[in-house]
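The structure under discussion appears below in the form of structure tokens.
The values are calculated or read from the model by the stated rules, or taken from the named source; none is laboratory data. Since the structure is predicted, the reported quantities are computational estimates derived from the model, not experimental observations. Virtual Cβ from ideal backbone geometry, glycine too; neighbours counted across all protein chains shown.
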Amino acid sequence: MRNIPLAEWLQQTSDPHAKGAPPLNRWLSEAIRQTIVSGRLKAGLRLPPTRKLALELGMARITVLQAYERLASEGYLVSKVGAGTFVSDTKPDPTLLIDAQHGTVRRTPSSQFTPSRGAQRVLSRLGVSPKQLGAFTPGIPDIDNFPYAIWQKILAKAGRERNAGLSGYGTSHGLPALRHALVDYLSLSRGVRCTAEQIVITHGAHQALDLCIRALCDAGDTAWMEDPVYWGARNLLAINAVQTLSLPLDSQGMQLPVQTLGAPPKLIFVTPSHQYPSGVVMSLARRRLWIELAARHNAYIIEDDYDSEFRYREAPLPSLQGLDHHQRTLYIGSFSKTLYPGLRLGFVVAPPSMTPTLAALHSELYRGGQLVLQTALAEFIAEGHFSAHVRRMRRVYAERQAVLSEALRRHLGDKVSIPDDPAGLHLAVGLHGVRDQAVSDAALALELVARPLSAYYDKPAQAPQGLVLGFGGIQIEEIEGAVQLLARAVEKAQSSTMNVND
Ligand SMILES: Cc1ncc(COP(=O)(O)O)c(C=O)c1O
């Protein structure tokens with residue numbers, strides 16, 4: 001058998017003495033493994049005796065022995081008594097590839113990955129912002145003002161608890177203490193009527209929405225939703241193969257269909273407190289109409305109350321759930337805007353008859369967990385820190401919204417129309433005389449996120465033009481500079497459109 005220059009090949013993989021390299025026996029087993037996987041060290045080849053390889057590599061023989069033993073235990077090498085150590089043959093047995101029905105060898109599948117049709121639908125309309133920080137990323141709160149010191153103290157205390165239950169998956173509903181804290185908070189501040197048994201804690205509102213869709217709809221069923229709509233709702237419905245009917249808005253919120261078109265809906269998705277992204281608040285009369293219509297169609301309403309805590313003038317209207325005497329509303333909430341999005345905690349309040357199903361599905365589909373976080377959050381709410389933080393941030397955001405509106409007026413004048421939005425962490429600004437996608441591209445080149453409003457519509461090519469500008473993640477003193485940059489992006493988009501039209 002010919003001699004293989006193994007020491008040389010191994011040294012070509014990486015330098016065992018480089019700074020940060022692993023201990024020699026680990027380096028050696030990794031280098032041999034790589035040489036086998038790359039195909040250079042072929043099946044059946046005999047490895048040099050340990051003494052020889054140790055000498056060539058300038059290592060102790062025990063190091064080589066340990067590496068050979070480890071690779072033998074992982075199945076890369078076999079040692080034969082009296083004959084030496086050989087590279088194992090791990091090629092699949094070709095008889096396993098024979099098609100049982102036709103007796104032919106199956107074609108090797110191409111390595112080209114084809115996403116599922118549902119995945120392709122999502123990939124064709126991506127919604128996540130290209131940057132998750134700073135001006136004007138929508139959907140993010142101010143993390144600089146978060147009371148970290150208090151939170152860390154409460155979190156550390158929860159983490160110190162020697163409670164085996166907290167390190168497991170937990171019950172399928174989520175931590176009882178957190179659900180009880182939520183019942184009081186939701187009833188006082190949102191008019192939500194529920195017991196702790198009706199709540200399922202989720203990893204954010206997005207997951208809560210996925211859970212509700214899966215519990216309510218089969219592939220091919222129909223959902224009605226707002227137009228424009230939260231991109232997450234569109235994508236979750238798409239991947240679950242649910243057909244959608246997009247219903248336009250007027251000043252009172254999502255309009256009822258003039259006539260029933262196609263199949264009746266299984267679910268109706270709305271953001272009544274503060275329509276996302278337009279900012280329209282659904283009137284009380286419209287809420288009542290939707291509740292009756294849902295009952296008539298035997299459908300359920302999903303009320304996504306993602307940012308209702310931040311209302312800057314009069315008190316918010318009570319939740320649609322609290323008005324629904326038919327008990328056909330699933331209320332979804334999130335801590336992403338009130339605390340921070342990386343926390344990944346949200347919840348769904350479901351009608352009593354549905355909660356056991358939702359809880360069981362949550363466990364089966366996503367598993368639970370995060371119980372230390374849930375314990376800390378329950379205490380953070382119960383001790384009043386949550387309400388205090390929300391009250392404080394309401395003032396901060398109201399001021400920021402006013403400063404942003406004023407700066408937009410000054411720097412962009414009649415190129416934009418600025419809504420008189422009473423709530424939220426973003427403004428959906430109308431754009432005149434320029435395509436919003438072009439502005440968004442020009443803004444991104446200046447490190448600014450300015451999401452095109454048309455992208456939230458069912459038919460972006462025919463949609464109104466505008467920008468969705470988040471102000472949660474930008475400090476007040478940075479707004480002026482960011483708006484100046486945005487004005488430059490608008491000018492750039494305008495001049496490039498003119499050049500194309502010239
Ligand atoms: C309207 C709307 N619903 C739901 C979500 C998702 O929230 P979460 O971070 O809790 O998943 C967002 C996030 O921005 C949102 O804007």
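Hey, any hits in segment 448-455 for a residue that's touching a residue at least 12 places away in the same chain (Cβ under 8 Å) and over 23 Å from the mean Cα position of the chain (by Cα)? Among the residues of segment 448-455, not one is touching a residue at least 12 places away in the same chain (Cβ under 8 Å) and over 23 Å from the mean Cα position of the chain (by Cα), which makes the answer no.
The condition of being outside any loop (DSSP other than H, G, I, E, B), closer than 21 Å to S336 by Cβ and within 15 Å of the ligand (Cβ to nearest atom) holds for only one of L182, L186, that being L182.
Taking D420, is it acidic (D, E), crowded, with 17+ Cβ neighbours inside 10 Å and assigned to a loop (DSSP other than H, G, I, E, B)? So that I can check it myself, show each step before the final result.
Values: acidic (D, E): yes; crowded, with 17+ Cβ neighbours inside 10 Å: no; assigned to a loop (DSSP other than H, G, I, E, B): yes.
The answer is no for D420.
Please verify whether segment 475-492 includes one or more residues that are under 25 Å from the mean Cα position of the chain (by Cα) and surrounded by fewer than 23 Cβ atoms within 10 Å (Cβ to Cβ). Yes; the residues of segment 475-492 include at least one that is under 25 Å from the mean Cα position of the chain (by Cα) and surrounded by fewer than 23 Cβ atoms within 10 Å (Cβ to Cβ).
Within segment 341-363, identify whether any single residue is in a helix (DSSP H, G or I), within 15 Å of the ligand (Cβ to nearest atom) and among the aliphatic types (A, V, I, L, M), and answer yes or no.
So the first thing to find is which residues in segment 341-363 are in a helix (DSSP H, G or I), and the list is 341-343, 355-363.
Add one more test, that the residue is within 15 Å of the ligand (Cβ to nearest atom), and what stays is 341-343, 362.
So of that shortlist, the ones also among the aliphatic types (A, V, I, L, M) come out as 343.
Yes, segment 341-363 has at least one match.
If you go through segment 191-223 and pick out every residue that is within 25 Å of the chain's Cα centre (by Cα) and either assigned to a helix (DSSP H, G or I) or within 16 Å of the ligand (Cβ to nearest atom) (or both), you end up with 20. If you go through segment 234-268 and pick out every residue that is in contact (Cβ under 8 Å) with a residue 40 or more places away in the chain, touching an Asp or Glu at 6+ places or on another chain (Cβ under 7 Å) and not polar (S, T, N, Q), you end up with 1.
Any residue in segment 359-368 that is of a type in the set (D, E, K, R), in contact (Cβ under 8 Å) with a residue 12 or more places away in the chain and farther than 16 Å from I154 by Cα? Spell out the reasoning first.
Just the residues of segment 359-368 that are of a type in the set (D, E, K, R), to begin with: 364, 367.
Those left that are additionally in contact (Cβ under 8 Å) with a residue 12 or more places away in the chain: 367.
Now drop any that are not farther than 16 Å from I154 by Cα, which leaves 367.
Within segment 359-368, one or more residues are of a type in the set (D, E, K, R), in contact (Cβ under 8 Å) with a residue 12 or more places away in the chain and farther than 16 Å from I154 by Cα.
Please tell me if L446 is closer than 30 Å to R125 by Cβ, touching a Leu at 6+ places or on another chain (Cβ under 6 Å) and not small (G, A, S).
Working: closer than 30 Å to R125 by Cβ: yes; touching a Leu at 6+ places or on another chain (Cβ under 6 Å): yes; not small (G, A, S): yes.
The answer is yes for L446.
With D250, D227 as the choices, which residue is within 16 Å of the ligand (Cβ to nearest atom) and of a type in the set (D, E, K, R)? First the steps, then the outcome.
Working: D250 fails: within 16 Å of the ligand (Cβ to nearest atom).
Selected residue: D227, the only one of D250, D227 that is within 16 Å of the ligand (Cβ to nearest atom) and of a type in the set (D, E, K, R).
If the Cβ limit is 6 Å and pairs must be 6+ apart or interchain, which residue in segment 379-406 that is under 13 Å from R311 (Cα atoms) pairs with which residue that is surrounded by 17 or more Cβ atoms within 10 Å (Cβ to Cβ) and among the β-branched types (V, I, T)? Once the first residue is under 13 Å from R311 (Cα atoms) and sits in segment 379-406, its partners that are surrounded by 17 or more Cβ atoms within 10 Å (Cβ to Cβ) and among the β-branched types (V, I, T) give V390/T338. Of the listed requirements (1) part of a helix (DSSP H, G or I); (2) within 27 Å of V429 (Cα to Cα), S273 misses just one: (1).
Here D307 fulfils each of the conditions (1) in contact with a Leu (Cβ under 9 Å, 6 or more places away or on another chain); (2) over 28 Å from Y397 (Cα atoms) apart from (2).
Tell me, which residue of segment 163-191 that is at pLDDT below 90 and hydrophobic (A, V, I, L, M, F, W, C) is surrounded by the fewest Cβ atoms within 10 Å (Cβ to Cβ)? Going through the qualifying residues, I end up with A164. Selection of segment 230-248 for residues being part of a strand (DSSP E or B) and out of contact with any Ser or Thr (no Cβ under 6 Å at 6 or more places or on another chain) yields T244, L245, S246, L247, P248. If you go through segment 258-282 and keep only what is more than 20 Å from L330 (Cα to Cα) and touching a helix residue (DSSP H, G or I) at 6+ places or on another chain (Cβ under 6 Å), you end up with just P277.
Restricting to segment 134-149, give me the number of residues that are within 14 Å of the ligand (Cβ to nearest atom) and in a loop (DSSP other than H, G, I, E, B). I'd like the intermediate steps shown before the answer.
Of all residues in segment 134-149, those within 14 Å of the ligand (Cβ to nearest atom) come to 136-141, 143.
If we keep only those that are in a loop (DSSP other than H, G, I, E, B) too, we end up with 137-141, 143.
Number satisfying all stated conditions: 6.
Residues in segment 281-322 that are more than 20 Å from T222 (Cβ to Cβ), aliphatic (A, V, I, L, M), crowded, with 19+ Cβ neighbours inside 10 Å and away from the ligand (no atom under 16 Å from the Cβ): L317 alone.
Please tell me if G204 is at positive phi, surrounded by fewer than 18 Cβ atoms within 10 Å (Cβ to Cβ), at pLDDT 95 or above and of a type in the set (G, A, S). Spell out the reasoning first.
Working: at positive phi: yes; surrounded by fewer than 18 Cβ atoms within 10 Å (Cβ to Cβ): no; at pLDDT 95 or above: yes; of a type in the set (G, A, S): yes.
In short, no.
Scanning segment 167-179 for residues that are touching a strand residue (DSSP E or B) at 6+ places or on another chain (Cβ under 7 Å) and assigned to a loop (DSSP other than H, G, I, E, B), which turns out nearest to the ligand (Cβ to nearest atom)?
Applying the filter and picking the extreme gives G174.
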